[in-house]
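Participant: Structure provided below as structure tokens; questions to follow.
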Amino acid sequence: MANTGYKQCLTRMQVMVDPTTGLPDPNNPTGLVEANDPGENYIENVWDIVTCPLPPDPPAAPVNFTTSWLQVNVAVSLTWTAPASTYPIVEYDIWRRESYTTSVSYRKITGAPPGTSTVDTPNNPGGAIPRYYYKIRAKNSYGDYGPFSPEVWIEFT
């Protein structure tokens, strides 16, 4: 469900005030701080509660993430379907794990452009690593990352 509401935010404004009255400077009706203030006035911090839009929800996880051999034991084709997102997807992070065990951590292998496929060419001379595991997540133009997809794998033959 998308965040479409608003929340209250605390914001700080700097307002020029007359030092004798403590009121906003009559020579500066906007109350905004001027860079060339001659010094006869001082700046007072004013805290105010304003209405701010909620940040959008992050993108969902990419779906239909699959692996296949583009060139057997040399190049892995990775494909997926773009997730739902309030903001456009600008990047996909693809991570690879090189082992049967879950104790070996993932490494980011690419920040793929916002397409729905890429190719990985793992360095695996002689098939020393029998299986590669992959996961992917999307990043939207707001800068939010979504969750990772379910893990997929491909086996060397």
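Participant: Per-residue counts of other Cβ atoms within 10 Å, averaged by peptide: what ranking do you get for 132-142, 68-78, 54-64, highest first?
Facilitator: 132-142, 54-64, 68-78
Participant: Test of understanding: what is the full-extension gain from Val119 to Tyr145, defined as 0.36 nm times their sequence separation minus their Cα-Cα distance?
Facilitator: Length difference between fully extended and current span is 7.2 nm.
Participant: Taking K and R as +1 and D and E as -1, what net charge do the other residues with C-beta under 14 Å from the C-beta of Pro58 add up to? Provide the component values of the computation, followed by the final result.
Facilitator: Numbers: positive: Arg137, Lys139; negative: Asp57, Glu91, Asp93, Asp144.
Net of charged neighbours comes to -2.
Any read-out appearing in this document is the output of simple, stated calculations on the displayed coordinates, not a laboratory observation. Bear in mind the structure is a predicted one, so any value in this text is a computation, not a measurement. Note: ideal-geometry Cβ built from the backbone for every residue, glycine included; neighbour counts use all protein chains shown.
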